[in-house]
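K.L.:
To start, I am sharing the structure in question, which I have written as structure tokens.
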Amino acid sequence: MADKINKMIADTFLQIAEGLETGSFGKKPKIALTGMGSEHGEENAMKAAVAAAREGIDVYYIGSLTHEGVTTVSVPDDEAGHKKMEELLQSGEVDGAVTMHYPFPIGVSTVGRAVTPGFGKEMYIANTTGTSSTDRVQGMIRNAIYGIITAKACGCEDPTVGILNVDGARQTEMALKELDANGYPITFAESSRADGGCVMRGNDVLRGTPDIMVTDSLTGNILIKMLSSYTTGGSYEAMGYGYGPGIGEGYDQLVMIISRASGAPLIKGALTFAGELVRGNVFEVAKQEFEAVRKAGFEEVLEKYKQQPKEAAEEKVEMPPKEIVTSQVQGIEIMDLDDAVQLLWKNKIYAESGMGCTGPVIRISDANLDKAKEILEKGGYIS
């Protein structure tokens, strides 16, 4: 009994000492980092892991390198690294992970975080990879909520929201203002341009006018790349926190995205960003925000602003029995994704829609890969 008490006292003093050193008290967030596959080599990723460890992150480096202060999980290659990352997440051995690519399901997308050049202000970009919805406007409405969740989990209690002036911005503005009027409070940013309003211009991107910049994920992906690497010519993402966590209703796995071009300073930022989200109980925040927005008529607003679909299918197709889906078909337009899945179902092939970092994917079993490609090619979905 005495030994157990002594150990508890020793652990407590160790946490206090580490807190004084790093400025972060309490249990260290355990964050995995896949280090293989970077365009800048494994050493680049390990450098970030060491820097993050000095700031109070318990880093599990998945790769072939070792360093004092970092836990290395040895793997032979990138593919094995991703499998090990999945195992660590599913077992709960780590609280989250930072990785260079990940196929989020439709409905989940990532909220990026950048340092804007005008005044050095941080800004969340909602969103940067993945797809919140196959409907553009519905996706942007969801992105706004995902951005609010992420900002609040990082300690921004009342984040301002701006909508980038892209296709669908006005419908998104009307939808968000309707949610606000219905009882889900949203603080709208005011453009720095003379005519004001919550629809943001390119100037506002540079100035970081809103705390959260709402856009579609493809535009957001371009923004985060440019804001991360504009000082380096684009080959090395030097600044900011990366493409952010995958957020979605009911989704509770903390996966943070960086890219193969991400440099050590940005990867370190992504690791510390992950730590903030763990400490801020991001998924509890998400649960509370989704409950609140649903009380304000979220589903009704989404349906109201849904873009008019193409001609409805002649028949409803029954989903085949579920299978383990480990293969992917790429190259399908996002707006055709649901129809392509329906075509495979019609041909008795189980399939799921998803989103990788390179775009939309259909996930199917290894055994059905060749047959599915043939069907989709005949249907005009891939070439």
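K.L.:
Does Gly246 qualify as being crowded, with 17+ Cβ neighbours inside 10 Å and either of a type in the set (Gly, Ala, Ser) or outside the structural domain of Gly155 (by TED's automatic domain parsing) (or both)?
P.N.:
yes
K.L.:
Separate question: When you scan the range 58-70, how many residues do you find that are of a type outside the set (A, V, I, L, M, F, W, C) and either surrounded by 16 or more Cβ atoms within 10 Å (Cβ to Cβ) or assigned to a strand (DSSP E or B) (or both)?
P.N.:
Result for the range 58-70: 5.
K.L.:
Of the residues in the range 200-223, how many are among the β-branched types (Val, Ile, Thr) and over 16 Å from Gly147 (Cα atoms)?
P.N.:
Final tally of qualifying residues: 1.
K.L.:
When you scan the range 91-105, how many residues do you find that are crowded, with 22+ Cβ neighbours inside 10 Å and either more than 16 Å from Gly275 (Cα to Cα) or in contact with a His (Cβ under 6 Å, 6 or more places away or on another chain) (or both)?
P.N.:
Looking only at that region, the number is 3.
Per-residue answers, yes or no, for (1) modelled with pLDDT under 95; (2) part of a helix (DSSP H, G or I); (3) in the same structural domain as Ile364 (by TED's automatic domain parsing):
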| residue | (1), (2), (3) |
| --- | --- |
| Ala10 | yes, yes, no |
| Ile16 | yes, yes, no |
| Gly19 | yes, yes, no |
| Asn44 | no, yes, no |
| Ala49 | no, yes, no |
| Ala52 | no, yes, no |
| Gly56 | no, no, no |
| Thr72 | no, no, no |
| Ser109 | no, no, no |
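K.L.:
Just to verify a result, which residue in the range 207-233, among those that are hydrophobic (A, V, I, L, M, F, W, C) and surrounded by fewer than 17 Cβ atoms within 10 Å (Cβ to Cβ), is modelled with the lowest pLDDT?
P.N.:
My answer is Leu218.
A quick yes/no check of all residues on (1) outside the structural domain of Lys152 (by TED's automatic domain parsing); (2) of a type in the set (Lys, Arg); (3) touching a Ser or Thr at 6+ places or on another chain (Cβ under 8 Å); (4) farther than 19 Å from Glu299 by Cβ:
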site: Gly168; (1), (2), (3), (4): no, no, no, no
site: Tyr184; (1), (2), (3), (4): no, no, no, no
site: Thr187; (1), (2), (3), (4): no, no, yes, yes
site: Asp195; (1), (2), (3), (4): no, no, no, yes
site: Val199; (1), (2), (3), (4): no, no, yes, yes
site: Gly208; (1), (2), (3), (4): no, no, yes, yes
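K.L.:
Looking at Gly275, is it under 27 Å from Val205 (Cβ atoms), touching a Pro at 6+ places or on another chain (Cβ under 8 Å), buried (at least 17 other Cβ atoms within 10 Å of the Cβ) and not hydroxyl-bearing (Ser, Thr, Tyr)?
P.N.:
So Gly275 fits the description; yes.
K.L.:
Kindly indicate whether Glu318 is assigned by TED's automatic domain parsing to the domain that holds Tyr381, modelled with pLDDT of 85 or more and surrounded by fewer than 16 Cβ atoms within 10 Å (Cβ to Cβ).
P.N.:
yes
K.L.:
Any idea which of Val199, Val161 is buried (at least 16 other Cβ atoms within 10 Å of the Cβ) and closer than 29 Å to Thr99 by Cβ?
P.N.:
Val161
K.L.:
For Met335, are the conditions met, namely being surrounded by fewer than 17 Cβ atoms within 10 Å (Cβ to Cβ) and in contact with a helix residue (DSSP H, G or I) (Cβ under 9 Å, 6 or more places away or on another chain)?
P.N.:
yes
The values are calculated or read from the model by the stated rules, or taken from the named source; none is laboratory data. Computed from a prediction, not measured in an experiment: that's the story for all the values here. For neighbour counting, all protein chains shown are included, and Cβ atoms are generated from backbone atoms with ideal geometry for every residue, glycine included.
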